[in-house]
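What follows is a short report on a single structure.
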Amino acid sequence: MVSRREFLAATGAAVTVSTVSSAAIPLGAGAAAGEKSARLFLPNDDLRPATFDRLPLEWHKQRAKKLQDKLAEDGYDGILLTDRWNIVYFTGLWHTTTERLVNVFLPGKSGEPLWFNAALDRDLVKTWWYSDGEMYFDWPHAEGAFPNEGKVQMGPQVDLFEWVLKGLKKRGYRDKKLVADTELRPSSQRKVVSVLGREMGAADELCMKMRILKTPEELALTRRAYDYFNLMHAYARDLLLQHGTDLTDYDIGSAATKYGTDLVMADIKRDGAPHTAVGIEIGVDCRVGKSTAYPHPNQFLHNKITRGQAIQIEGGVNIAGCGGELYRAMFIHPITDQMKKLWAVSRDSCLIQKEESVAGVTGSTVAYKIFKHQVKEGVAPYIYHRPAHGQGWEGHQPPYLSLGDYSMLEPGMSFSVEPGLYDPEHAFGVNFSDAFVVESQGPSRQMSRLPWSEEWCFVKL
């Protein structure tokens, strides 16, 4: 068996792959490339992975137009987008959010976006979908200060929200019926009334409703992300099978992340300029033993792989925001009866979620059926949380499979799969995750190709 040092040195050079979009399985690297575990994948379904690396600008323009049409139908003259994810979704501009204000105004019915941004984003904004906008230098902004234009001065601090409102007033939006993508605080509404003459309504639910119903293009890109993610899991599982107790959980997670990053980026067209290779997140984690017994452990994960322990391979992969979570709860022999019991109940709860997550039922109904099954099986003390959250570009999003969420499930909604069970007393937990997408007919669609079997999850070293 190779030493841990030899394994880590060899991992980065071990990968030779073809593109995932051509459905190729990585070969030429032996077990280190996941070939053995990949043989256990579920068969492909009829959803083909996207060949594009991001949603095209035209897609974002169509989503913006749909929002504008809805606003016009309701009698509104425009919407102020303040939330990063709404801005990305409706304009396509991927950007970094800090304390700096970035706002976009979309006129009602039709029209180009109006940008309000800091100077550091000026090149990103003006090389994307841009026709008009206003720029401040930085946060906090001093009136008249633009060092980039040679204007270095310590002027009065500018209230940037009022600055945005004045920009709208200057363009004829005083006394117009406007909304924001959030419910404004009373102090903000007072500024709106002072500058624009009337309060802004709230259209946060409208924006979210559009984002939670995934389009065919989003689902195709999500499938592509999961096709890569399948291979990362296979790679991590084969590392475990091949090198076992020579490794730590940190070794497996970091090596699988490196493998996955090389795999994804080999296919992403990019030249270093803005607007390519956007919204990409690649992270594979691994935790073993006691850390699996807590839903959100707060300890750093660097623990030796040993026999008789739970091991969870987990993480998230997104391409241009599309993707999600993928976990598999595993055990290394010898396995106790308690481990088998909690694993089986959690796994069966995942399959119940898949079958029961159909269009026309509420999230609370699905949660109720899962929890009733778990309680019937005698594992109530090991239940810690709801079975699932909605999955979107930001990660967690509404609706939720929770006893208190009465949202009706609709085609295109995507959910995590987490009816986990945790036993701190015996130092292990079981939590799967995946993405189940609600279909127009029948049970939900699984986005990964990973199995739910004992063959995959019960490992002998």
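Charges on Cβ only, +1 for Lys and Arg, -1 for Asp and Glu, centred on the Cα centroid of the chain; of HIS60, PRO107, TYR130, which one is farthest towards the dipole's positive end?
Of HIS60, PRO107, TYR130, it is PRO107.
Given the whole protein assembly as supplied and a 1.4 Å probe, what does the accessible area of MET413 come to in Å², nearest 10?
10 Å²
Against the longest alpha carbon principal axis of the chain, how many degrees, from 0 to 90 and to the nearest 10, is the axis of helix 160-170 turned?
Around 50 degrees separate the two axes.
Taking the Cα-to-Cβ direction at GLN153 and at ASP132 and moving 7 Å from each Cα, how far apart do the two end points lie in nm?
2.7 nm
Kirkwood Rh, Cα Rg: Rg to Rh for region 238-343? Provide the component values of the computation, followed by the final result.
Working: Rg = 16.2 Å, Rh = 15.3 Å.
Result: Rg/Rh = 1.06.
Can you give the % of DSSP beta bridges in region 47-148 that are antiparallel, to the nearest 5? Provide the component values of the computation, followed by the final result.
Working: 7 of 12 bridges.
Antiparallel: roughly 60 percent of the beta bridges in region 47-148.
Mind listing the Cα extents of region 47-179 along all three principal axes, in Å, largest one first?
56, 39, 22
Using the Cα centre of region 167-306 as origin and beta-carbon charges of +1 (Lys, Arg) and -1 (Asp, Glu), tell me which of ILE252, MET200, LEU263 is placed farthest towards the positive end of the dipole.
So the residue furthest toward the plus end is MET200.
In debye, nearest 20, what is the charge dipole magnitude of the chain about its Cα centre with +1 on Lys and Arg Cβ and -1 on Asp and Glu Cβ, if you could check?
I would put it at about 140 debye.
Counting helices only, and only those DSSP H runs with n ≥ 4, report the 222 nm mean residue ellipticity of the chain as the sum of -39,500 (n - 2.57) divided by its residues, in deg cm²/dmol to the nearest 500. If you can, show how the numbers build up before the last one.
Details: 13 runs with 156 residues, N = 461.
Mean residue ellipticity at 222 nm (helix-derived): -10500 deg cm²/dmol.
Given the whole protein assembly as supplied and a 1.4 Å probe, what does the accessible area of LYS166 come to in Å², nearest 10?
Per-residue accessible area (LYS166): approximately 120 Å².
Only Lys, Arg, Asp and Glu count, each charged at its Cβ (+1, +1, -1, -1), so figure out the dipole size of region 104-233 about its Cα centre, rounded to 20 debye. Please list the in-between numbers first.
Values: 20 positive and 19 negative charges, 96 e Å.
Rounded to the nearest 20 debye, it is 460 debye.
Can you list the aspartates and glutamates whose alpha carbon sits under 18 Å from that of LYS354, skipping same-chain ones fewer than 8 residues off?
Of all the aspartates and glutamates, those that pass the test against LYS354 - Cα under 18 Å, at least 8 places apart if same chain - are ASP45, ASP46, GLU325, ASP405, GLU410, GLU418, ASP434, GLU439.
Given R₀ = 56 Å, FRET efficiency for ARG122-LYS36 by Cβ-Cβ distance, to 0.05? Before the final figure, lay out the partial values.
Working: r = 51 Å, r/R0 = 0.91.
Result of the calculation: an efficiency of 0.65.
Under a cut-off of 18 Å between alpha-carbon atoms, report the aspartates and glutamates in cross-link reach of LYS304, not counting same-chain residues fewer than 8 places apart.
Correct list for LYS304: GLU6, ASP238, ASP246, ASP249, ASP251, ASP285, GLU314.
For GLN391, what residues show an amide H to amide H distance below 5 Å, using hydrogens built from the backbone and excluding near sequence neighbours?
GLN397, SER414, PHE415, SER416
Sort ASP204, ASP267 from largest to smallest accessible area, using a 1.4 Å probe on the heavy atoms of the protein chains. Display every interim value, and only then the final one.
Numbers: ASP204 65, ASP267 25 Å².
Putting ASP204, ASP267 in descending order of accessible area: ASP204, ASP267.
Calculate, for PHE146 and LYS166, the FRET efficiency according to 1/(1 + (r/R0)^6) with r their C-beta to C-beta distance and R0 22 Å; round to the nearest 0.05. Don't skip to the answer; put the middle values down first.
On the way: r = 17 Å, r/R0 = 0.78.
After rounding to 0.05, the efficiency reads 0.80.
Which pairs, out of LYS70/LYS170; LYS369/LYS460; LYS109/LYS269; LYS214/LYS269; LYS36/LYS376, put more than 30 Å between their alpha-carbon atoms?
Numbers: LYS70/LYS170 25 Å; LYS369/LYS460 34 Å; LYS109/LYS269 35 Å; LYS214/LYS269 24 Å; LYS36/LYS376 37 Å.
Beyond 30 Å: LYS369/LYS460; LYS109/LYS269; LYS36/LYS376.
Can you pull the one-decimal nm distance between simple spin-label points at LEU213 and ALA266, each 7 Å off the Cα toward Cβ?
Placing both labels 7 Å along Cα→Cβ, they lie 3.9 nm apart.
Hey, can you find the accessible area per residue of the chain for me, probe 1.4 Å, expressed in square angstrom?
On the way: 19950 Å² over 461 residues.
I get 43 Å² per residue for the chain.
Please work out the Cα center distance from region 369-446 to region 192-207, rounded to the nearest Å.
Taking the Cα centre of each part, region 369-446 and region 192-207 sit 35 Å apart.
State the answer as a single residue: which of ILE311, LEU168, LEU301 lies farthest towards the positive end of the charge dipole of the chain, with beta carbon charges of +1 for Lys and Arg and -1 for Asp and Glu, about the Cα centre.
Result: LEU168.
Which three lengths, in whole Å and largest first, does region 110-262 cover when its Cα atoms are put on their principal axes?
68, 41, 31
For TRP59 and GLU205, FRET efficiency with R0 = 22 Å and r from the beta-carbon atoms, rounded to 0.05?
Numbers: r = 22 Å, r/R0 = 1.01.
So the FRET efficiency works out to roughly 0.50.
Roll a 1.4 angstrom probe over the protein heavy atoms and tell me the percent of accessible area of region 311-432 that is carbon or sulfur. Intermediate results must be reported in sequence, preceding the final value.
Working: 2320 of 4210 Å².
With neighbouring chains kept in place, the figure for region 311-432 is 55 percent.
What are the aspartates and glutamates whose alpha-carbon lies under 15 Å from the alpha-carbon of LYS126, with same-chain residues fewer than 8 places away excluded?
Of all the aspartates and glutamates, those that pass the test against LYS126 - Cα under 15 Å, at least 8 places apart if same chain - are GLU112, GLU134.
Once label points are set 7 Å from the Cα along Cα→Cβ at both LEU351 and LYS66, what is their separation, rounded to one decimal in nm?
3.5 nm
Could you please state, rounded to a whole Å, how far the C-alpha centre of region 268-315 is from the C-alpha centre of region 224-259?
One Cα centre to the other: 10 Å.
The values are calculated or read from the model by the stated rules, or taken from the named source; none is laboratory data. Computed from a predicted model, the values in this text were never measured in an experiment. Ideal geometry is used to build each Cβ from the backbone, glycine not excepted, and the neighbour counts take in all protein chains shown. We work out accessible area using only protein heavy atoms, side chains counted, and drop any ligands, DNA or RNA first. Shrake-Rupley method; radii C 1.70, N 1.55, O 1.52, S 1.80 Å.
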